[in-house]
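Working notes, structure below.
The values are calculated or read from the model by the stated rules, or taken from the named source; none is laboratory data. The structure displayed is predicted, hence computed values, not measured ones. We place every Cβ from the backbone using ideal geometry, glycine too, and count neighbours over all the protein chains shown.
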Amino acid sequence: MNEALQRLLNTVAQLRTPEGCPWDREQTPQTLCPYILEESAELVAAIESGVEQDVLEELGDVLLQVVLQAQIYQEQGAFDFAQVCDRINEKLIHRHPHVFSAVQVSTSAEVVQNWEAIKALEKPPQTLSDKLSLLPKDLSSLAACHKISRKVAQVGFEWPDLTGVLAKVHEELDELEHALAEESPARQAEELGDLLFSVVNVARWQGIDSDTALRQTNRRFLGRFRQVEQLATQPLTAYTPAQLEELWQQAKRLTQ
């Protein structure tokens, strides 16, 4: 294991030398940020596909981004890959006192509660709104929504039960319908956002990851739409809405 990792570190270091690769030499931590996001998304897709060889490939691509970032910062005299490993190792030990010291827990919920309490002690006091305003700009809106609602719920800003959450969804849907009929596009966008926020809260209450659920829906839709195209005997534009709906229902039956 150590030898494999060292070979990778040596390869990346060589790529950054004057005799190495011009493209790699030109990169900065900032220029590589899009690749971190891209490779992370491809890793998630590979994991969800269940194809182990794809996961193997994409894990390597993500690891490369970590090693390359560490190499650049090492060249700048900031830190190296070993320090990255040491820092996360120290953090894991510190935030798992139920494993590495005498703290006792019995549920995953207690683990999360301890984790959040330890994190709070590690950093200067901030209001929750200050912390949440610093969420990464590249975090998807659905993921940010889920995290914001989860964090405010932890301090008691929460519905008493799922019925209350569902009632909020219906309320926001009514307000969106009113805005679509009588208000400006800006107000319509506001009400649509409110409805989406409420729906994400339903997902949170049910332990469903909104991003994952939407990705699965996208894949399911594309699979059914592909089936619609295969069933069609003429361009889709030649069909009436009712005929397209019938094709869609056939596609659903075939892809279930």
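The number of residues in the stretch 3-37 that are among the acidic types (Asp, Glu) and surrounded by 13 or more Cβ atoms within 10 Å (Cβ to Cβ) comes to 1.
Restricting VAL199, VAL228 to those that are free of Cβ contacts under 8 Å to residues at least 40 places away in the same chain and closer than 18 Å to SER140 by Cα reduces the list to VAL199. Here VAL103 meets each of (1) among the hydrophobic types (A, V, I, L, M, F, W, C); (2) in a loop (DSSP other than H, G, I, E, B); (3) surrounded by 15 or more Cβ atoms within 10 Å (Cβ to Cβ) with one exception, condition (3). Across the stretch 73-82, the number of residues qualifying as crowded, with 17+ Cβ neighbours inside 10 Å and within 19 Å of GLU26 (Cβ to Cβ) comes to 1. For GLN71, are the conditions met, namely being in a helix (DSSP H, G or I), within 18 Å of CYS33 (Cα to Cα) and within 21 Å of the chain's Cα centre (by Cα)? Criteria not met by GLN71. Filtered by the rule that a residue be over 18 Å from the mean Cα position of the chain (by Cα), free of Cβ contacts under 8 Å to residues at least 40 places away in the same chain and assigned to a helix (DSSP H, G or I), the stretch 17-59 gives PRO22, TRP23, ARG25, GLU26, GLU52, GLN53, ASP54, LEU56, GLU57. Given the criteria part of a helix (DSSP H, G or I), out of contact with any Ser or Thr (no Cβ under 9 Å at 6 or more places or on another chain) and surrounded by fewer than 13 Cβ atoms within 10 Å (Cβ to Cβ), does SER149 qualify? No, not satisfied.
Yes or no, residue by residue, for (1) surrounded by 12 or more Cβ atoms within 10 Å (Cβ to Cβ); (2) charged (D, E, K, R):
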position	(1), (2)
VAL111	yes, no
LEU121	no, no
LEU132	yes, no
ALA143	yes, no
TRP159	yes, no
GLY164	yes, no
LEU173	yes, no
GLU177	yes, yes
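Among residues of the stretch 153-181 that are outside any loop (DSSP other than H, G, I, E, B), those with a beta-carbon under 6 Å from a residue that is modelled with pLDDT of 95 or more and among the small types (Gly, Ala, Ser) at least six positions away or on a different chain give the pairs LYS168/SER198; VAL169/SER198; GLU172/SER198. Working only within the stretch 222-248, note down all residues that are out of contact with any helix residue (DSSP H, G or I) (no Cβ under 9 Å at 6 or more places or on another chain) and either surrounded by 12 or more Cβ atoms within 10 Å (Cβ to Cβ) or more than 30 Å from GLU48 (Cα to Cα) (or both). Scanning the stretch 222-248 gives THR233, GLN234, PRO235, THR237, ALA238, THR240, PRO241, ALA242, GLN243, GLU246.
Can you confirm whether GLY207 is among the small types (Gly, Ala, Ser), touching a Ser or Thr at 6+ places or on another chain (Cβ under 8 Å) and either modelled with pLDDT under 95 or surrounded by fewer than 11 Cβ atoms within 10 Å (Cβ to Cβ) (or both)? Let's see the steps before the verdict.
Working: among the small types (Gly, Ala, Ser): yes; touching a Ser or Thr at 6+ places or on another chain (Cβ under 8 Å): no; either modelled with pLDDT under 95 or surrounded by fewer than 11 Cβ atoms within 10 Å (Cβ to Cβ) (or both): yes.
In short, no.
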